[in-house]
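Comments concern the structure below.
No value in this document is a laboratory result; all are computed from the given coordinates. Note that the structure is predicted; figures quoted are calculated from it, not measured. Positions of Cβ are backbone-derived with ideal geometry, glycine not excepted, and every protein chain shown enters the neighbour counts.
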Amino acid sequence: MAYQQQGCLSSAAALGIVHIVDDDKKLRASLIRLLRSHGLDASGYSAASDLRAALDTNVPSCIILDMRLVDENGLAVLGALRDDGITTPVIFLTGFGTIPMTVQAIRGGAAEFLTKPVDEVVLMNAITRALDLDTAAVLQRQDLNDAAQLLATVANREREVMGLVIGGLMNKQIAGDLGITEITAKVHKRRIMEKMRARSLPDLVRMAETLGISAARSR
């Protein structure tokens, strides 16, 4: 649910952190006060190097970034973040916006491009969207990491069976394909479900998709 004029944030956004990178000390302080008044955690930095030291990609967050810093260019900062695999949403907030600059920023991966002075509702809506987006990304990375740890407990033979299971084969078909008994196939399947903590076959299929495991078919 997006922020509305009455000041409602989504539950995901309310748990996020907003990092403000601007060399204008008074503006940083003003933005921090505004965001905290809306229940958000906010921190300010005068340089991108300070941001990099504080940024935790395991915590939902977004970045409000000035285009013209004292010793840095906002587009270069965005490019460096993306080159390092940091996908935290970036909202540009600048007093020197042009159409070509806006296009370049969006093409470079910016979530929003806003100009100063910015309307409070417009800014809060942009932040809410960015935090909701990053929350989804953080959860996806956590799901992938959790699934990978569970997969590490699955033996090689069980992985063969897993590929056939998510491919839709029955125990009898799996047994014939691998040259094992139907009972053994059933035992492998049960162990796979237990090790992957899958409550159902669709659950196992979704986990396999998350891990990039392709379904196998009968030979």
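Where does the Debye-calculated log10 I(q)/I(0) of region 27-77 sit at q = 0.25, 0.26, 0.28, 0.31 Å⁻¹, using only Cα point scatterers of equal weight, no solvent?
Treating every Cα as an identical point scatterer, log10 I(q)/I(0) equals -1.10, -1.15, -1.22, -1.29.
Taking only the Cα atoms of region 39-165, how large is their convex hull per residue, in Å³?
155 Å³
Go ahead and collect, in residue order, the members of region 37-55 whose backbone nitrogen is under 19 Å from a label point 7 Å along the Cα-Cβ direction of Asp84.
It comes to 43-55, nothing else.
At 1.002 mPa s and 20 °C, plugging the Kirkwood radius over alpha-carbon pairs of region 153-211 into Stokes-Einstein gives what diffusion coefficient in µm²/s?
Reported coefficient: 191 µm²/s.
Which three numbers, in whole Å and largest first, are the semi-axes of the equivalent ellipsoid of the chain derived from its Cα gyration tensor as √(5λ)?
Those come to 48, 17, 14 Å.
Quick check of the Kirkwood formula: for region 43-103, what is the inverse mean of 1/r over all pairs of different Cα atoms, in Å?
For region 43-103, the Kirkwood estimate is 12.2 Å.
Run lengths n ≥ 4 of DSSP H only: what is the helix-derived mean residue ellipticity at 222 nm for the chain, with -39500 (n - 2.57) per run over all residues, to the nearest 500?
Calculated mean residue ellipticity at 222 nm is -17000 deg cm²/dmol.
Tell me the relative contact order for region 1-141 as a rounded percent, counting alpha carbon contacts under 8 Å between residues six or more apart.
So the answer I get is 28 percent.
Using the Cα gyration tensor of region 102-219, with a ≥ b ≥ c the square roots of its eigenvalues, what is the shape: rounded (a/c below 1.5), prolate (a/b larger than b/c) or oblate (neither)?
prolate
Cα centroids of region 174-219 and region 86-145: how far apart, whole angstrom?
Comparing the Cα centres of region 174-219 and region 86-145, I get a distance of 41 Å.
Which whole-Hz couplings ³J(HN,Hα) result when phi for each residue of region 152-169 is put into the Karplus expression 6.51 cos²θ - 1.76 cosθ + 1.60, θ = phi - 60°, listed in order with x for Gly and Pro?
Taking θ as phi minus 60°, the curve returns 4, 8, 8, 5, 4, 5, 5, 5, 4, 5, 4, x, 6, 5, 6, x, x, 7 Hz for region 152-169.
Taking 0.36 nm per residue of separation and subtracting the Cα-Cα distance, what length does fully extending Arg157 through Arg52 add?
This chain segment gains 33.5 nm when fully extended.
Within the chain, how many lysine pairs that are 8 or more places apart, or on different chains, have C-alpha atoms less than 28 Å apart?
6
Could you compute the FRET efficiency for Asn73 and Lys26, with r as their C-beta to C-beta distance and R0 at 25 Å, rounded to 0.05?
Step by step, r from the Cβ atoms, then E = 0.70.
Taking square-rooted eigenvalues a ≥ b ≥ c of the alpha carbon gyration tensor, is region 71-116 rounded, prolate or oblate, where a/c under 1.5 means rounded and, failing that, a/b exceeding b/c means prolate?
Prolate, because a/c is 1.5 or more and a/b exceeds b/c.
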